C-alpha cells in the first residue's frame, strides 16, 4: 500500500550525522565473499532492502550468511562452488543485485531463475545478457526482462568486451564471469565508471590488471581464480549523503556535516557540480578507510548559480541527478545536464520523472534529447503531488526540494526509500526537517 510523505517548509538544517554504508560496495562485498573460500567479515554493510535481497540470494546459492552486529559474516563457496537453489531468486527492487548475480552464476553448471518486484521486472537486462551469452551463458527465455531463467556452464569462454555505453554494472558482470573462464577476460571502457569491483577483486586476491590503451581503460581479470575471504569496511554512501548535503545548501541558515563519506574519484561528479554552482562545501579529514578514500563533508546554505554539466561527468554521478535537479531548482539561471540517456534505464524512467516532478513543483524544466534543462530561482512554489514511480531517489529528491519550497511537497509513496536509506526520514527529522506521513503525524 502506498505511503505518501510530505515535506514542509523548514527552518535551518543543522547537525553532524553519518549515512548508511555504500550500496555498490555492499553488494560486491557479499558477492565476492560468496565466491571466495574461507570467511569474509563485512563492517558497515548497508542494511537496506536491496542489499538484504542480495544476501538472501547468495545464501540460497549455498553461502552461509549471518549477521553478528556490527558485522555481517559470509562463509563462501569459492569460485565455481555455488549450488543449485531450491527456488527462484527474488531480488526485490535491486537491479544491481540482479545483474551482478548473473555474472556470478554464469560460470556454474546450475539453472537459476531470477525475478523481482514489478519495478525490477520492467527494467531492461539485454546489455548485461549480451556479453554473458558471448561467454556461453544460456537464457531459457526469449524476453530480456525478469523473470529470467539462466543456464550456467563451467566452460565459459574468455572475451574482450568493449562497453557500448559507460556502465559499471555491465563491466562488473563481465569481470565476475571472467573469474570462471580460462585465460584472460578484458573489458574496455571509453569513460571511466565506478571502479569498486576492480578494487574489491584485488582485495580478495584475484589477479587483475588495469591500463590505459588506445581504445580506453582496459581492465583484465585472469580466470580460474582463487579468492580468499577477507575483512571489508564499507564507507558511507555518497549517493545517500547527497540528499543531506543538498538540504543544507538550499535551506537558509543550514550547516550539516556528514561523516565518513566515500570520495572515490569515480563517484564525486555531483560534488564537483556543487562547487561549480558556488556551494559552500568542504571536504575535511580526508583519509583511507578500508581501501577507499573517505572524508567528512560539510555543507552550509549557499547562493547558487546554474551551470552546464557535461555528458562526460555522468558516469561519476549517475545516481545523483535527481538530487542535483532539486538543487538546480534554487540556483539562479539555467542548469543544463547533458548525456542522461542512462537515466531512462534506472528504477524508473528517471529523466522523465525528474522533469515531471519539477514541473509539478512549479519549476520550469524541459527534456531535449538526452539533456535536462532546469531554470531555477530563489523561490520555488512547491505545493504539488510528485509521482515517485516507485523510485527511491525520486522520492528523496523531492522531499528535499519541499524543505525550501513556498508550499509543502508530497511524494505519492515513500516506501521505496527503504531500498537504499532506511533511516532517511529519521535522519532528516533529527537535523530539523519538517516531514509528515499521510496521516498527518510529524515524523
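No lab work stands behind these numbers, since they all come straight from the coordinates. This one's a predicted model, so the numbers in the text were calculated from it and none came from an experiment. Glycine gets a Cβ as well: all are built from the backbone with ideal geometry, and neighbour counts include every protein chain shown.
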Query raised in the report: So if R0 is 41 Å, what FRET efficiency would residue 378 and residue 126 give, r being the distance between their Cβ atoms, rounded to the nearest 0.05?
Result: 0.40
Query raised in the report: So how do 136-143, 416-423 stack up, highest first, on mean other-Cβ count within 10 Å?
Result: 416-423, 136-143
Query raised in the report: What's the center-to-center distance, using Cα atoms, between segment 212-240 and segment 278-334 in Å?
Result: 24 Å
Report task. Would you kindly give the portion of the calculated P(r) for segment 300-443 that falls above 22 Å, as a percent of all Cα pairs? Result -> 35 percent
Query raised in the report: Does anyone have the angle between helix 350-360 and the longest principal axis of the chain? Alpha-carbon axes, 0 to 90°, nearest 10?
Result: 10 degrees
Query raised in the report: What angle, in degrees between 0 and 90 and rounded to the nearest 10, separates the Cα long axis of helix 23-34 from the longest principal axis of the Cα atoms of the chain?
Result: 20 degrees
Query raised in the report: Could you work out the helix-only [θ] at 222 nm for the chain, with each DSSP H run of four or more residues adding -39,500 (n - 2.57) and the total divided by the number of residues, to the nearest 500 deg cm²/dmol?
Result: -8500 deg cm²/dmol
Query raised in the report: Once the Cα gyration tensor of segment 23-224 is diagonalised, what are the square roots of 5 times its eigenvalues, in whole Å and ordered largest first, as equivalent ellipsoid semi-axes?
Result: 23, 20, 16
Requested in this report: Taking the convex hull of the Cα atoms, report for segment 368-443 its projected area averaged over all directions, in nm².
Outcome: 6.0 nm²
Query raised in the report: Given the convex hull over the Cα atoms of segment 126-216, what projected area results after averaging over all orientations, in nm²?
Result: 6.2 nm²
Query raised in the report: By how many degrees, 0 to 90 and rounded to 10, does the Cα axis of helix 238-250 deviate from the longest principal axis of the chain?
Result: 10 degrees
Report summary line: Whole-percent tail of the Cα-Cα distance distribution for the chain, cut at 40 Å, equals 16 percent
Report summary line: Expressed in nanometres to one decimal, the distance between label points 7 Å along Cα→Cβ at residue 1 and residue 109 is 5.1 nm
Query raised in the report: With a Cα-only, solvent-free Debye model of segment 289-372, what are the log10 I(q)/I(0) values at q = 0.14, 0.21 Å⁻¹?
Result: -0.53, -1.03
**Report entry** Share antiparallel - DSSP beta bridges, the chain, percent rounded to 5
**Finding:** 75 percent
Report summary line: Here the Kirkwood hydrodynamic radius of segment 209-306, Cα-based and in Å, equals 15.6 Å
